[in-house]
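Below: one structure, written as structure tokens.
The values are calculated or read from the model by the stated rules, or taken from the named source; none is laboratory data. On a predicted model such as this, the values are computed, not experimentally measured, just so you know. We place every Cβ from the backbone using ideal geometry, glycine too, and count neighbours over all the protein chains shown.
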Amino acid sequence: MSLRYLARREYSRKELMHHLMARSFPVAVIESVLDDLASKELQSDRRYAECYVRSRISKGYGYRRLLEELKQRGIHQDDIPDLADIDWNQSITRVYTKKYGNLPPVTPAERASRERFLRMRGFSSDEIRLLFRTLPSSE
């Protein structure tokens, strides 16, 4: 059963545990199977995290959101790939221009709305401020 899941895509150990528990398998059996899969490198939280991070960055999510989502999926800090090499300023610019074009917000309410959108995507306040400073003037 767990191999069928892994044949389609990578899963974290926690996700596989959840799927197998939903099928009413005993926890001891699930643990044993997951340990066996990990020892044979058929399941790897590190590999899962690398795939997940690549996917989410390409969809325009920021550092903070990625860390929170990985934590929710049961990924240990040691298995998270190094995110320091990512150009987060380029990423936030790509997300912003895709949604709003290259235009700065006109009103304070519009700016606040755009900031909320970017924060929900996982970008920091510093990254957001820098983005708004680099946008062309609306004058």
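Things worth noting here:
- Qualifying positions in segment 92-114 - within 26 Å of residue 70 (Cβ to Cβ) and either touching a Ser or Thr at 6+ places or on another chain (Cβ under 8 Å) or assigned by TED's automatic domain parsing to the domain that holds residue 69 (or both): 93
- Residues that are among the basic types (Lys, Arg) and without any contact (Cβ under 8 Å) to a residue 24 or more places away in the chain do occur in segment 19-26.
- Filter result for residue 115 (modelled with pLDDT of 95 or more and more than 30 Å from residue 48 (Cβ to Cβ)): yes
- Hits in segment 13-46 - residues which are loosely packed, with under 10 Cβ neighbours inside 10 Å and within 24 Å of residue 78 (Cβ to Cβ): 39, 40, 41
- Positions within segment 3-12 being more than 19 Å from the chain's Cα centre (by Cα) and buried (at least 20 other Cβ atoms within 10 Å of the Cβ), in sequence order: none
- Only a single criterion out of (1) modelled with pLDDT of 95 or more; (2) under 30 Å from residue 97 (Cα atoms); (3) more than 10 Å from the chain's Cα centre (by Cα) is not satisfied by residue 81, namely (1).
- Look at segment 117-139: where a residue is hydroxyl-bearing (Ser, Thr, Tyr) and a partner is not in a helix (DSSP H, G or I), sitting 6+ places away or on another chain with Cβ atoms under 6 Å, you get 138/104.
- Test result for residue 68, surrounded by fewer than 18 Cβ atoms within 10 Å (Cβ to Cβ) and either among the hydroxyl-bearing types (Ser, Thr, Tyr) or more than 30 Å from residue 117 (Cβ to Cβ) (or both): no
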